[in-house]
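The values are calculated or read from the model by the stated rules, or taken from the named source; none is laboratory data. Computed from a predicted model, the values in this text were never measured in an experiment. Ideal geometry is used to build each Cβ from the backbone, glycine not excepted, and the neighbour counts take in all protein chains shown. In case anyone asks, the SASA skips ligands and DNA or RNA and just uses the protein heavy atoms, side chains included. Shrake-Rupley method; radii C 1.70, N 1.55, O 1.52, S 1.80 Å.
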Amino acid sequence: MAARVEPGRISREGSPWTGLWAVVAKEMADYLTGIRMLILEMLAVLTAAGTVFMAAESLRTTVGQDRFLFLRLFTVQRDPLPAFIGFLAFLVPLIAIALTFDTVNGEFNRRTLSRVLAQPIYRDALLFGKFLAGLFTLTLVLTAIWLLVFGMGLARLGVPPGGEEVARSLLFLLATIFYGGVWLALALLFSVRFRQPATAALASIAVWLFFTVFWGIIAQGLAQILVPLRYGLVQEVLAQDQVAQALARLSPITLYSEVMMALLYPSLRAFGLVGVLLQFQEGVIVGAPLPLSQSLLLVWPQLTGLIAATVLLFAISYILFQRQEIRA
Amino acid sequence: MDGPVIQTQELTKRYGDFVAVDRLNLVVEPGEVFGLLGPNGSGKTTTILMLLGLTEPTSGTVRVMGLDPARQPLSVKSRVGYIPDQVGFYDDLTARENLIYIAKLNGIPREEAYRRIDEALEQMGLKEVADRPVGTYSRGMRQRLGVAEVLIKRPSLIIMDEPTLGLDPEAAREFLNTIRDLKAQGITVLVASHLLHQVQAVCDRVGLFHRGRMVLEGTVEALARQVLGGGYRVYVEAVGPQAAILEALRRLPDATKAEAMGSERYMVEGRRDLRGEAARAVVEAGGSLRALQLEEPSLDDVYARYFQEVEHGREG
Ligand SMILES: Nc1ncnc2c1ncn2[C@@H]1O[C@H](COP(=O)(O)OP(=O)(O)OP(=O)(O)O)[C@@H](O)[C@H]1O
Ligand SMILES: [Mg+2]
């Protein structure tokens, strides 16, 4: 049973984070030993191994010609498998959602929530602990996958990665974790909001599908309505594309794929029509690579956007959770 | 500790227009076992949630061990053990692991925690099964694990919501003994329940809730006197002159009522236990006594009578 409780807060005693690490430890132990995570980890390792193996096979011929050979491991695709990054874009949300969609409502339904909240901790610690545990678990899993990719790269290509390649792929790892954070926070929000874990899972997946499948189309459509092409001028086309891009960036998937592009294709200089048309021809990139700092500057807003989305979603769950009356 | 363990003043909780708890003034003294009684939806759980700071009162004040649960929730919660209605555990963890988590949340140092956990499990008779997943536990074992869990924080007050619900009579009796043990250890206990005969067996005092208000409060005897008039009923079986025996029973000091129930059976209601006097009266009236039986005032009667009157009052 959930009900509004009048807020009207007062100064509180003690730290809001009392007990935080106990919660993190307990939740991480749950995640790491659960069957659910085992399945997802196996899936992740399998796809990583498969795609990277195929990529390495097709890259072996170009060893020595490409400065960013290791980055290609992530992006090169060879039939029948898509590129590793193609898998990541949906594996990461899947893992993140699977981690937190039943974390609060599950405790409610098992009737452990009121017992835990009767301990000398604040709700802040419980909720944040659950989020952190999810984030750490995700970090652990993704780092393992990265190591696997690098290991396979070393074994199959026979050359060590360069310093910039390592730096770029580590930043890419970090961005992937942030991207996962958004979905963790979303599923956490639904697990606070919905009493039934199945509802929360479905809602999270619905949001993910919406952004994956529909948001791009909707953004295009909206842009066409907002900035119609009257005379078919290039300026008009570009202006419309700008608007479409801005709208598309409301989706964490767009933000993430832009970060991914900029980090993994060092010569990428701009996004949208201009950037894409000018620079990609069948996966081959024309133009000199940007220094890492420039690439980073290019995606700084996107990275901040991902973090901001996470913070916003977490804040909403926090407010909802504070106001809930726990009777079970 | 001096001063009451629980003290509320005009404590009120509203949900919209609905008043779940209405101007409650409750005092529970150290070492007492206090029973919160009342039908479903009368506000017992809501009261408990306010005592623990798990929900905020609409108005009025609460003090638990002199602390305000809304302002000092951590201090209150580290001193009070709460066993919720249908207590739940992590089924895939063992009893010991469940308790370790709780000990960590309470910030009890590891060594100390392990010692307390062993002690608590031992005391609740769960030592042999401590390393089994709680999923395999019976209802009664879970309830005892609930007590073990609150014991590890060495509480001065334990609050239980419907602790014997769903227990078989034997397990319920054992659980009541547990409550007596807790009292013997000097722990104050607040029990919310609607299983009156069980509450009656362990509570020093009870408060009767009705639609959010505490309508009656006191020892079971006092309530019986107040509601039933005479608190004690004695059933007398005797052969002899009926009119004379009945008359003699009626004239007993402290008797409030006496009546014949068939040819050889009488009932006397009194403010105290009148067995001795009744036996003498029967003999003096020329009858011979066959049997004498005291029916202690029962909370069930108090309850039934009270709500009967309330209903009548509303209809009339
Ligand atoms: N969130 C809420 N919104 C509206 N009414 C509520 C809410 N929570 C509880 N109530 C009402 O408050 C009243 C008191 O509920 P409470 O749970 O305190 O009763 P109780 O005495 O514990 O009953 P039970 O024996 O069934 O456990 C009930 O009538 C209930 O319907
Ligand atoms: Mg209740």
> Spin-label point model (7 Å from Cα, Cβ direction): what's the B:Glu264 to B:Arg14 distance in nm?
Replying inline: 6.4
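Given the Cα atoms of the range A:119-188, and with Rh set as the inverse mean 1/r over their pairs in the Kirkwood sense, what is Rg to Rh to two decimals?
Checking Rg against Rh, the ratio lands at 1.17.
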> When the dipole is taken about the Cα centre of the protein assembly as shown, and only Lys, Arg (+1) and Asp, Glu (-1) are charged at their Cβ, what size is it in debye, to the nearest 20?
Replying inline: 1000
> In Å, what Rg and Dmax follow from the Cα atoms of the protein assembly as shown?
Replying inline: 35.1, 126
> Based on the Cβ-Cβ distance from A:Arg67 to A:Ala246, what FRET efficiency comes out when R0 is 30 Å, to the nearest 0.05?
Replying inline: 0.35
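For chain A, give the magnitude of the charge dipole about the Cα centre (Cβ charges: +1 Lys/Arg, -1 Asp/Glu; no others), in debye to the nearest 20.
Rounded to the nearest 20 debye, it is 780 debye.
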> With contacts defined as alpha carbon pairs under 8 Å and 6 or more residues apart, what's the relative contact order of the range B:35-109 in percent?
Replying inline: 17
>> How charged is the neighbourhood of A:Leu296? Take every other residue with its Cβ under 14 Å from the Cβ of A:Leu296, and add Lys/Arg as +1 and Asp/Glu as -1.
In response: 0
>> Quick check on my link table: of B:Lys13/B:Lys77; B:Lys44/B:Lys257; A:Lys130/B:Lys183, which ones sit more than 32 Å apart, alpha carbon to alpha carbon?
In response: B:Lys44/B:Lys257; A:Lys130/B:Lys183
> For B:Thr58, which sequence-distant residues (separation of 5 or more, or a different chain) have an amide H within less than 5 Å of its own amide H, given hydrogens modelled in the peptide plane?
Replying inline: B:Thr12, B:Lys13, B:Arg14
> Roughly how many debye, to the nearest 20, is the charge dipole of chain B about its Cα centre, given +1 on each Lys and Arg Cβ, -1 on each Asp and Glu Cβ, and no other charges?
Replying inline: 520
> Using Cα atoms only, what is the angle between the long axis of helix A:215-226 and the major principal axis of chain A, expressed in degrees (0 to 90) to the nearest 10?
Replying inline: 80
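So how much slack lies between B:Arg132 and B:Glu296, counting 0.36 nm per residue of separation and subtracting their Cα-Cα distance, in nm?
Result for the pair: 54.7 nm of gain on full extension.
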> Given a cut-off of under 8 Å on Cα pairs at least six residues apart, what relative contact order in percent is computed for the range B:14-171?
Replying inline: 25
>> Please list, in order along the range B:213-221, the HN-Hα scalar couplings obtained from phi with the Karplus expression 6.51 cos²θ - 1.76 cosθ + 1.60 (θ = phi - 60°), rounded to whole Hz, x for Gly and Pro.
In response: 10, 8, 8, 9, 7, x, 6, 4, 4
> Tell me, what is the 1.4 Å probe accessible area of A:Val227, in Å² to the nearest 10?
Replying inline: 40
> Which whole-Hz couplings ³J(HN,Hα) result when phi for each residue of the range A:244-251 is put into the Karplus expression 6.51 cos²θ - 1.76 cosθ + 1.60, θ = phi - 60°, listed in order with x for Gly and Pro?
Replying inline: 4, 5, 4, 5, 4, 6, 6, 9
>> Given Cα positions, please report Rg to Rh for chain B, the hydrodynamic radius being the Kirkwood one.
In response: 1.08
> Tell me, which longest segment in chain B has none of the GluC sites (Glu not before Pro) that fall in DSSP loops with at most 16 further Cβ atoms within 10 Å?
Replying inline: B:129-263
> If one takes the longest principal axis of the Cα atoms in chain B, at what angle in degrees, from 0 to 90 and to the nearest 10, does the Cα axis of helix B:139-151 lie?
Replying inline: 70
> In whole percent, what relative contact order does chain B give with Cα contacts below 8 Å and a gap of six or more residues?
Replying inline: 18
>> Tell me the accessible surface of B:Thr58 in square angstrom (1.4 angstrom probe, heavy atoms of protein chains only), to the nearest ten.
In response: 60
>> Give me the Å³ per residue figure for the convex hull around the C-alpha atoms of the range B:3-96.
In response: 134
>> Among B:Ala291, B:Ala192, B:Ile108, which residue has its Cα furthest toward the positive end of the charge dipole of chain B, with +1 on Lys/Arg Cβ and -1 on Asp/Glu Cβ?
In response: B:Ile108
> Based on the Cβ-Cβ distance of B:Ser59 and B:Val215, what FRET efficiency does E = 1/(1 + (r/R0)^6) give at R0 = 25 Å, to the nearest 0.05?
Replying inline: 0.80
> Over chain A, how many percent of alpha carbon pairs lie in each 20 Å bin up to the one with the longest distance?
Replying inline: 28, 52, 19, 1
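Give, as a single signed number, the net charge of other residues whose beta carbon lies under 11 Å from the beta carbon of B:Cys203, with Lys and Arg counted +1 and Asp and Glu -1.
The answer is +1.
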>> Taking the full set of protein chains and a 1.4 angstrom probe, give the accessible area of B:Asp92 in square angstrom, rounded to the nearest 10.
In response: 120
> What is the list of residues in the range A:167-186 whose amide nitrogen lies under 20 Å from a point 7 angstrom out from the Cα of A:Leu140, following Cα to Cβ?
Replying inline: A:173-185
> At B:Val310 and A:Ile316, where each label point lies 7 Å from the Cα along Cα→Cβ, what is the point-to-point distance in nanometres?
Replying inline: 4.3
>> If I take R0 = 41 Å and measure r between the Cβ atoms of A:Trp300 and B:Arg71 in this structure, what FRET efficiency does the formula 1/(1 + (r/R0)^6) give, to the nearest 0.05?
In response: 0.45
> If you average 1/r over all unlike Cα pairs in the range A:53-161 and invert the result, what Kirkwood radius do you get in angstrom?
Replying inline: 16.9
> In the Gaussian network model of chain B, springs joining C-alpha atoms below 10 Å, which of B:Ala148, B:Ala258, B:Ala243 carries the largest mean-square fluctuation?
Replying inline: B:Ala243
>> Among B:Arg251, B:Arg14, B:Arg233, which one shows the highest mean-square fluctuation when chain B is modelled as a Gaussian network with alpha-carbon springs under 10 Å?
In response: B:Arg251
> For chain A, modelled as a Gaussian network with Cα springs under 10 Å, which listed residue fluctuates most, A:Gly216, A:Gly162, A:Gly181?
Replying inline: A:Gly162
> Taking each residue of B:98-105 in turn, how many C-beta atoms of other protein chains fall within 10 Å of its C-beta, and what is the average?
Replying inline: 5
> Taking each residue of B:80-91 in turn, how many C-beta atoms of other protein chains fall within 10 Å of its C-beta, and what is the average?
Replying inline: 5
>> Tell me the angle of helix A:252-264 to the major Cα principal axis of chain A, expressed in degrees between 0 and 90 and rounded to the nearest ten.
In response: 40
> Among A:Phe214, A:Pro160, A:Phe190, whose Cα sits farthest toward the positive end of the charge dipole of the range A:97-225 (+1 at Cβ of Lys/Arg, -1 at Cβ of Asp/Glu, about the Cα centre)?
Replying inline: A:Phe190
> Using the Cβ atoms and a cut-off under 9 Å, what net charge is assigned to the surroundings of B:Ala192, where Lys and Arg are +1 and Asp and Glu are -1?
Replying inline: -2
> Using a probe radius of 1.4 Å on protein heavy atoms only, what is the accessible area buried between chains B and A, both sides summed, to the nearest 100 Å²?
Replying inline: 3200
>> Helix-only estimate, please: 222 nm mean residue ellipticity of chain B, summing -39500 (n - 2.57) across DSSP H runs of length 4 or more and dividing by its residues, to the nearest 500.
In response: -11500 deg cm²/dmol
> To the nearest µm²/s, what D does Stokes-Einstein give for the range B:33-153 at 25 °C and 0.890 mPa s, using the Kirkwood radius over alpha carbon pairs as Rh?
Replying inline: 156
